[in-house]
1. Can you tell me which residues in region B:478-487 are open to solvent by 30 Å² or more (accessible area, probe 1.4 Å) and under 20 Å from B:THR127 (Cα atoms)?
2. Return a yes/no flag: does region B:255-265 have any residue that is of a type outside the set (Phe, Trp, Tyr), in contact with a helix residue (DSSP H, G or I) (Cβ under 7 Å, 6 or more places away or on another chain), open to solvent by less than 10 Å² (accessible area, probe 1.4 Å) and within 14 Å of chain A (Cβ to nearest Cβ).
3. Mind listing whichever residues of region A:120-143 are hydroxyl-bearing (Ser, Thr, Tyr) and under 26 Å from A:ARG517 (Cα atoms)?
4. Restricting to region B:281-294, and then to whatever is open to solvent by 20 Å² or more (accessible area, probe 1.4 Å) and in contact (Cβ under 8 Å) with a residue 40 or more places away in the chain, can you tell me which residue is farthest from the other protein chains (Cβ to nearest Cβ)?
5. Checking A:PRO433 against (1) under 30 Å from A:GLU212 (Cβ atoms); (2) of a type outside the set (A, V, I, L, M, F, W, C); (3) more than 14 Å from chain B (Cβ to nearest Cβ), which single condition isn't satisfied?
6. Out of the residues in region A:326-336 that are within 22 Å of the chain's Cα centre (by Cα) and more than 13 Å from chain B (Cβ to nearest Cβ), state the one that is farthest from A:PHE542 (Cα to Cα).
7. Could you please find all residues in region B:76-122 being open to solvent by 70 Å² or more (accessible area, probe 1.4 Å), modelled with pLDDT of 95 or more and among the acidic types (Asp, Glu)?
8. For region B:6-116, please list each of the strands (runs of 3 or more DSSP E) lying entirely inside it that holds at least 1 residues being over 17 Å from B:ALA175 (Cβ atoms) and of a type in the set (S, T, N, Q).
There are 2 protein chains.
Amino acid sequence: MNNLVENIIPVGAIPSSDEIHFTVWGPFLHDCKVHLYEPQETVIPMEKNKRGYWNSVFKITEHHQKITYKYLINEKEEYPDPASRYQPFGVHERSEVIQFDNTQNPQDYSLRPKLEDYVIYELHVGTFTPQGTFEAIIPRIAKLKDLGVNSIEIMPVAQFPGKRNWGYDGVYPFAVQNSYGGPWGLRKLVNHCHQMGIAVILDVVYNHLGPEGNYLSKFGPYFTSKYKTPWGEAINYDDAFCDEVRNYFIYNALYWFNEFDIDALRLDAIHAIYDESAYLFLEELADKVKEYDLKTNQTHFLIVESDRNDPRFIYPKAEGGYSLHAQWCDDFHHALHAYITGEKNGYYADFGSLAQLAKAYQQGYVMDGCYSSYRKRKHGRKPQKANRGQLIVFSQNHDQVGNRFRGERLSILVSFEELKIIAALTLFSGFIPLLFMGEEYGEKNPFCYFVDHGDPALLQAVREGRKREFQAFYGDQDGYDPTIEETFKKSIIQWELHQKDKHALLWSVYKECLTLRKKLKILQPLSNISPKVYFNEKEKIFSFLFE
Amino acid sequence: MNNLVENIIPVGAIPSSDEIHFTVWGPFLHDCKVHLYEPQETVIPMEKNKRGYWNSVFKITEHHQKITYKYLINEKEEYPDPASRYQPFGVHERSEVIQFDNTQNPQDYSLRPKLEDYVIYELHVGTFTPQGTFEAIIPRIAKLKDLGVNSIEIMPVAQFPGKRNWGYDGVYPFAVQNSYGGPWGLRKLVNHCHQMGIAVILDVVYNHLGPEGNYLSKFGPYFTSKYKTPWGEAINYDDAFCDEVRNYFIYNALYWFNEFDIDALRLDAIHAIYDESAYLFLEELADKVKEYDLKTNQTHFLIVESDRNDPRFIYPKAEGGYSLHAQWCDDFHHALHAYITGEKNGYYADFGSLAQLAKAYQQGYVMDGCYSSYRKRKHGRKPQKANRGQLIVFSQNHDQVGNRFRGERLSILVSFEELKIIAALTLFSGFIPLLFMGEEYGEKNPFCYFVDHGDPALLQAVREGRKREFQAFYGDQDGYDPTIEETFKKSIIQWELHQKDKHALLWSVYKECLTLRKKLKILQPLSNISPKVYFNEKEKIFSFLFE
């Protein structure tokens, strides 16, 4: 991959046939060495180049030796590799070199679903199965395919502290979570999916790193004090030395494509990627991915989560856009959820009418420059030049369920009949649909927010932060405790339900809807038709017609 | 003007034939009243509307009565009007209602110079004449016209504390500085300029307000803690309640056009206007100005100062731009200055070669995505779709002279022969040229930074801040003291020099260059031709050819 994309420096421990090449960025370090623990303890000096990268080479004497290491910096402290490929003992301990038997063999990409044909199934590895591993997912893929799903979206897998986390506290963007089965497990899952014709989307977090085990600042200015994110220090995308921080994350994106054959990335909360450059990091990322695809004759997609309702991110370059491929469309969810549940708290304050639901069907964005009473200002912009195949809609997702006071799914909030209507409303919307694991059979277990930090002060901070967040919605009531194992355990879905009673019926509704959707081109995003919508608020009538 | 631009609320004290309408935004105030001091002391109640504006009407009993007032808020404190039209006794005292005899009579706009024909003369009212008033400028306009200038750019005139200030500490964006002669003086000057066929550009500051006499926060959330500017609190352009803050500044722009017949605004340092909206304040401003122009059949220009080297600001909407009309091109200055003076400190570190000067001639931006050693990152973007008539170039301006350690003009730094070359290099560049008052005859007096605050702690802070700012350039040397009158006085230009000795010779060089430029269409921005540039660093040869 080294020469595939111009000027992108591979970072981390990179194996070739007879050596491991170590590279780490440390522009201000006066010394950096590899402290090898296995196969034998030794210290390997490194040399710094002009761009601030420290390099060294270690000759392999025996194939597939276990190699573990930390970086010894300034001859006094040592830390895991910021680009570690594996953290066998968690976020604070040694990094391990990963040597795969082979690189992924790119299949015929023309057989993979196109973005506008995606039917996405979002899952959280830890709670999708009782085992909580990649491997345990594999037996369920055939069932999902049968349901009509053709792509799974895996919540973030970058190594996080402990064993329980949604994934947004990851601190090693290149290391696949050890408790999930590490890089081998992810590879196996991806390979299986591809054999079944299922695409794999990976959720990646480029807007912040978690609070525990985050040693990047020991190496270089990965963060900037120019901005603050809701979750901690802002990543340095536009301040001094940002070029190499961009390199790190762009290389990360290419790493998933190149080493794991991931089909698409879902970029978490890009509204927290602060960047005032003339050439935005996100645009650069899209350009580099395009360059990589052109050189390798592959196709990859970048899907963003954004609360800005700014279509510029998904517009093509010719329209002055940043040419990211698609985005999550939260407004569709909010319009649907607020109308059906009648909830008016928090951001639902802006929603609740059929007129808004109609707008969602017509253009995805409801907040398109109109006044938001939740934000107390005008919000968004008309997505005039966006295609329906660029907008991903859902009636539930990990955030919309999990960021509730009690993590209730719609199955708890609305009637069974309403669940069926919601399925049809989402799947026949003419956008790209996304299901959240369990919704297809009306899972009743909650999806709670949970963490497993090592530091009691941090656990307390999470508890309090969570409480604060919910005040807009629920006032001072008590919720569940995100820091205890019980909260995690009760979030594990009961997959076997999908064959039982009403759950099986709902499953068949989803399946029938997806079958019909597949038959009728007019219901698919590629047609790019906005439906005619008729509604009557008083009579509670809502109908839409694609023609 | 009230109905000219949709949804823009006029703020301040607005006279009609028999009444004064008072409007002030105060969304969280539980009470607001007009405390009238003249013509008779009285308190007038106000009513708040849904958007948070307090309104009241005062009947005029006698034409052109002097009317002064403050707003009494929450029945305990009183402050001048945030949209005061005049502060006769400075920034802390009463506001005065302004009633002009007539509105400006729009002349035939087709006679005014077009933007791409502008030859701009930047001046500071306080130091352009010994009197330091608008009126004192008038007798010099004919001379400037004779020189070949067709537009003057006036440094900011919004009321600032004391009598000496560059204008960037203004705290009443609608009030013309009392010590300069107030609104009547500005009107008179503009009228005279228009009679002479000279356009008037006003420098306005929409990125911050000064530190003294800034009472806006007493009324509403004009500022946000989301961002910090180098000069204080960031103005709230994208946070809750920002719609009405935008209204205030958009109305300000229209106010200058409507009440003073100003031709163009120069928007100070837009890189400090932080805004993450899908619809940027600056784009909204440009749209509203366009709407105003269409309805009134007038033409106004928005010229930005930006250090982002992001051409999106000046690209048309069709290219995904924000459609501001033109921008200052600092890179042209830096390339020219660094090469001729040999200076390498501060941001000049990125410049100094003829290759860079050549790039500046070809496309304006030198930093077009290449690495900046000053910023320690890549900077800017190629301005491929910008026209030469959108870039304003200069060999000197108030910042480049005044933000030096000793405020030295080029006349102090380079030889007389070099001054002549610099004149030709700038005026024949094929961009829009801007001269800084005095450069046309080689003024020797410095242009220093000066302030006149009332608060000793603030004065000390300015002294120290100034020192810090210069450390990158000059280390710990001592400069002049910006807080004493002497510094201001020595900045006043010696206009009479333009007829003397070598000064007169330089003046004639400028005049001849501008005459030739006017004759040769190919040297004008409208032709939009990039010159062929030949240079040889070793032989110090630089030539450019328009053909």
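The values are calculated or read from the model by the stated rules, or taken from the named source; none is laboratory data. A quick note: this is a predicted structure, and the numbers were derived from the prediction, not measured. Note: ideal-geometry Cβ built from the backbone for every residue, glycine included; neighbour counts use all protein chains shown. The accessibility values were calculated without ligands, DNA or RNA, using every heavy atom of the protein model including side chains. Shrake-Rupley method; radii C 1.70, N 1.55, O 1.52, S 1.80 Å.
1. Our first condition is that a residue be open to solvent by 30 Å² or more (accessible area, probe 1.4 Å); within region B:478-487, this holds for B:478-481, B:484-486.
The answer is B:GLY479, B:TYR480, B:ASP481, B:ILE484, B:GLU485, B:GLU486.
2. Scanning region B:255-265, I find no residue that is of a type outside the set (Phe, Trp, Tyr), in contact with a helix residue (DSSP H, G or I) (Cβ under 7 Å, 6 or more places away or on another chain), open to solvent by less than 10 Å² (accessible area, probe 1.4 Å) and within 14 Å of chain A (Cβ to nearest Cβ), so the answer is no.
3. Initial filter on region A:120-143 (hydroxyl-bearing (Ser, Thr, Tyr)): A:121, A:127, A:129, A:133.
Hit for region A:120-143 is A:TYR121, nothing else.
4. Out of the qualifying residues, it is B:GLU291.
5. A:PRO433 satisfies every listed condition except (1).
6. Just the residues of region A:326-336 that are within 22 Å of the chain's Cα centre (by Cα), to begin with: A:326-334.
Okay, now just the ones that are also more than 13 Å from chain B (Cβ to nearest Cβ), so A:326, A:328-330, A:332-334.
Numbers: A:ALA326: 27, A:TRP328: 23, A:CYS329: 20, A:ASP330: 20, A:PHE332: 15, A:HIS333: 16, A:HIS334: 16 Å.
So the residue we want is A:ALA326.
7. Of everything in region B:76-122, just one residue is open to solvent by 70 Å² or more (accessible area, probe 1.4 Å), modelled with pLDDT of 95 or more and among the acidic types (Asp, Glu), namely B:GLU93.
8. Working: elements: B:12-15, B:19-25, B:32-38, B:42-45, B:53-59, B:68-73, B:77-79.
Output list reads B:42-45, B:53-59.
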